[in-house]
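What follows is a set of notes on a single structure, which appears directly below.
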Amino acid sequence: MRPHLPLTTLAAELRDLGLAALGSTDITVSLPTVLSWSLRTLTPDQTTAFALLGTAPGPDISLPAASSLTGFPLATTRTVLRGLEQASLIYHDLHGRYRIHDLVRQYAATLPASDGDAAQRRLIDHGVDPL
């Protein structure tokens, strides 16, 4: 839309404004609007997982950690994540980890998660060995 601007300027806008930098009054080019359309196609479990993945620390997450985060059984989590991947909201990398693009993560983090605090506790407890 603004080909004359240097990439460093655009990168600074994205860093400072996040998704708001990609908002527009034209809904066909607004990233938050387009992502909201994808959200409408998700099942309730997929929507919950997507919102929680937006709050997960780090650049990626394993299947077992995602299962802990969501509170879903491992098989359910695998199915839910596969659905998010089919919706092009996350991707499964060659190392078996699930990744979410930074801008998509920012959008997901804005969604309400009914048990966000409990989910974070489950994720923290996931890697802790009992004494």
Practice item. Go through the range 30-77 and tell me which helices (runs of 4 or more DSSP H), entirely inside it, have 2 or more residues that are free of Cβ contacts under 8 Å to residues at least 12 places away in the same chain. Key: 31-40
Exercise for review: Would you confirm whether any residue within the range 25-34 is open to solvent by 30 Å² or more (accessible area, probe 1.4 Å), farther than 18 Å from ALA87 by Cα and modelled with pLDDT of 85 or more?
Suggested key: no
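Sort through LEU94, LEU17 and tell me the only one that's farther than 20 Å from ASP115 by Cα, open to solvent by 50 Å² or more (accessible area, probe 1.4 Å) and either at pLDDT 95 or above or part of a helix (DSSP H, G or I) (or both). Please lay out each step first, then the result.
Details: LEU94 fails: either at pLDDT 95 or above or part of a helix (DSSP H, G or I) (or both).
Only one candidate passes the filter, namely LEU17.
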**Study point:** Verdict on SER88 being more than 21 Å from TRP37 (Cβ to Cβ) and out of contact with any Asp or Glu (no Cβ under 9 Å at 6 or more places or on another chain)
**Key:** no
Review point. Across the range 37-67, what is the total count of residues that are in contact with a helix residue (DSSP H, G or I) (Cβ under 8 Å, 6 or more places away or on another chain) and either open to solvent by less than 30 Å² (accessible area, probe 1.4 Å) or modelled with pLDDT of 90 or more (or both)?
Key: 19
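The values are calculated or read from the model by the stated rules, or taken from the named source; none is laboratory data. Computed from a prediction, not measured in an experiment: that's the story for all the values here. Cβ: placed from backbone, ideal geometry, glycine included. Neighbour counts: every protein chain shown. Ligands, DNA and RNA are excluded from the accessible area calculation, which covers all protein heavy atoms including side chains. Shrake-Rupley method; radii C 1.70, N 1.55, O 1.52, S 1.80 Å.
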